[in-house]
Amino acid sequence: MVLVRPGSPANVGASARALRNAGLEGLDLVEPGDWRTVECWRTAWGAQDVLEAAREFTGLRAAVAECSYVVALSGRAEAVPAPLDVRAAAAEIAGLGPEDRAALVFGPETTGLTREELAACGRCAFIPSHPGQPSLNLSHAVMVAGYEVLRARGAPAPRPRAATAEEKEAMLGLLRRGLRAAGALPEQGADGAFREWEQMLQRADLSPREVRLLEHMARKMAGRGEA
C-alpha cells in the first residue's frame, strides 16, 4: 500500500489499521511530512507495528520500483490508463504469482494523484460511489480496496458441475414412477400434479450427486409400492 503525500496523520494511522483488517502487508509513504504523531498511532489501533515498519520515499517511482503490478486509485474520469472497477483490479491482484509484489497507490486527500503519477502506474482503478458524494476519505478508500483484494484472494473453489437437463429428465422419470407407487400422485390429473414437481426440480441448482440421491429415493419408493 502506497500513500502519496498524505495530509492527515490520522488517515495514515487509520490506513494502517485498514491494511491489517484486509490481511495485506507493507505500508509505504511518499513525502508524508510529519506523520509520526500520537493521533496517527491512536487511529492505527491494533496495527501500530504496521506504522513501525512503514517505509518513506521521496518519489512514487522509487516506492513502486520492486512491484510488478501497480494500480493507482483515482476518481478522475479522464485518468490514463483507463480505470478499472476496483473489484476487477482486485481480481487481477489475486491472480498474481507468489513472487509478484503488487502496490495499491493512493494520492493526497485534497488533490489526488497528479497526471505524471498516474502515468507511472501500470493500472488505474476507481471505487464506485454515489454521484451525490463521489469523494471518499483516504482511509475509507484504503479499506474498500483492501477488502476487495481480501475477497478476491478468498474466493471459494469452483463448484462441481451442475446436473444437465438430460440427467434431470432421467431422474424425473424415476421420481414419477416412485410417486405413483407411493400414492402421492392422483389417478386423475397425474400429469398436471407431476408438472409442479418437474418445474421445481428443473429450476433447482442440483449437482449430479444430488440427482443420484433423488433417483435412489425414487427407486426405493417404487420398490415399496410394488411390494
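The values are calculated or read from the model by the stated rules, or taken from the named source; none is laboratory data. The model shown is predicted, which means the values in this text are computed figures rather than measured ones. Because the Cβ atoms are built from the backbone with ideal geometry, glycine has one as well, and the counts that use them run over all protein chains shown. Remember, those area values only see protein heavy atoms, side chains included, never the ligands or the DNA or RNA. Shrake-Rupley method; radii C 1.70, N 1.55, O 1.52, S 1.80 Å.
Quick notes
- Residues in segment 27-56 that are open to solvent by 30 Å² or more (accessible area, probe 1.4 Å), of a type in the set (Gly, Ala, Ser) and under 24 Å from Pro98 (Cα atoms): Ala53 alone.
- Selection within segment 104-126 - assigned to a loop (DSSP other than H, G, I, E, B) and either in contact (Cβ under 8 Å) with a residue 60 or more places away in the chain or not β-branched (Val, Ile, Thr) (or both): Gly107, Pro108, Glu109, Thr110, Gly112, Leu113, Ala120, Cys121, Gly122
- Residue tally, condition over 44 Å from the mean Cα position of the chain (by Cα) and open to solvent by less than 70 Å² (accessible area, probe 1.4 Å), over segment 179-191: 8
- Only residues that are modelled with pLDDT of 90 or more and surrounded by fewer than 10 Cβ atoms within 10 Å (Cβ to Cβ) were counted across segment 197-208, and they come to 1.
- Qualifying positions in segment 17-73 - in a strand (DSSP E or B) and not charged (D, E, K, R): Leu29, Val30, Phe57, Tyr69, Val70, Val71, Ala72, Leu73
- Among residues that are modelled with pLDDT of 90 or more and over 21 Å from Ala22 (Cα atoms), Pro108 is included.
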